[in-house]
Amino acid sequence: MERRQSEQILELLIEQNQRADHQAAAQPERIAGVYRGVLSDIDLGGLIKIVIPSLFGMEPVAARSIVPLSKEKLGGEVLVAFEGGDLRLPYVIGSLWQPEQPPEASQAPMDAKVDGEQVVIEGKKEIVLKCGKASITLTRAGKVLIRGAYVLSRSSGVNRIKGGSVQVN
């Protein structure tokens, strides 16, 4: 009788151990902290891929981002956190600034203000609108340069040309 009870207890312990192993495998691994990764790819659909060597080796994994990312940042370092510590839910929470790179604010090519009545585009040095062989350039010195393979000036009213001097050809 004691042998039978011992066998039942042993079977029960083995069964509980197997259930615990199965439950542990079913639950995702939890992790805390912030990790450094590399922005590996952003596809046309906006899917972000990152590589976190310390966690996943060199295998890219899909991630979401709380900061704007662009293809210009590919290969750059990013900081990654995990939602609820779940390794299956990585979030890019920022990109690391490299001292040799200018700050983001100085990289902005223009400042556009729209108030419903007027659109103002301001550049510190110059503004260039370009399409194929045509371009309009506004410089800080006050020059307006219009270039194109064919330039047409049409007006239903007066079409004036004024200047300190006017040269044709």
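The values are calculated or read from the model by the stated rules, or taken from the named source; none is laboratory data. Every value quoted in this text rests on a predicted model; they were computed, and no experiment measured them. With ideal geometry, Cβ positions are generated from the backbone for all residues, glycine too; neighbour counts draw on all protein chains shown.
Observations on the structure shown:
- Residue pairs meeting the criteria (Cβ under 7 Å; at least 6 apart or on separate chains; first farther than 23 Å from Lys133 by Cα, in the stretch 145-169; second part of a loop (DSSP other than H, G, I, E, B)): Asn159/Ser153
- Those residues of the stretch 1-42 which are loosely packed, with under 10 Cβ neighbours inside 10 Å and modelled with pLDDT of 65 or more, in sequence order: Glu2, Arg3, Arg4, Gln5, Ala32, Gly33
- Among residues of the stretch 71-97 that are among the aromatic types (Phe, Trp, Tyr), those with a Cβ under 6 angstrom from a residue that is surrounded by 15 or more Cβ atoms within 10 Å (Cβ to Cβ), sequence gap 6+ or separate chain, pair up as Phe82/Pro90; Tyr91/Ala81.
- Residues that are hydroxyl-bearing (Ser, Thr, Tyr) and part of a loop (DSSP other than H, G, I, E, B), drawn from the stretch 128-165: Tyr150, Ser153, Ser155, Ser156, Ser165
- Residue list for the stretch 59-95, filter: surrounded by fewer than 13 Cβ atoms within 10 Å (Cβ to Cβ), in a loop (DSSP other than H, G, I, E, B) and within 14 Å of the chain's Cα centre (by Cα): Ile66, Val67, Pro68, Ser70, Gly75
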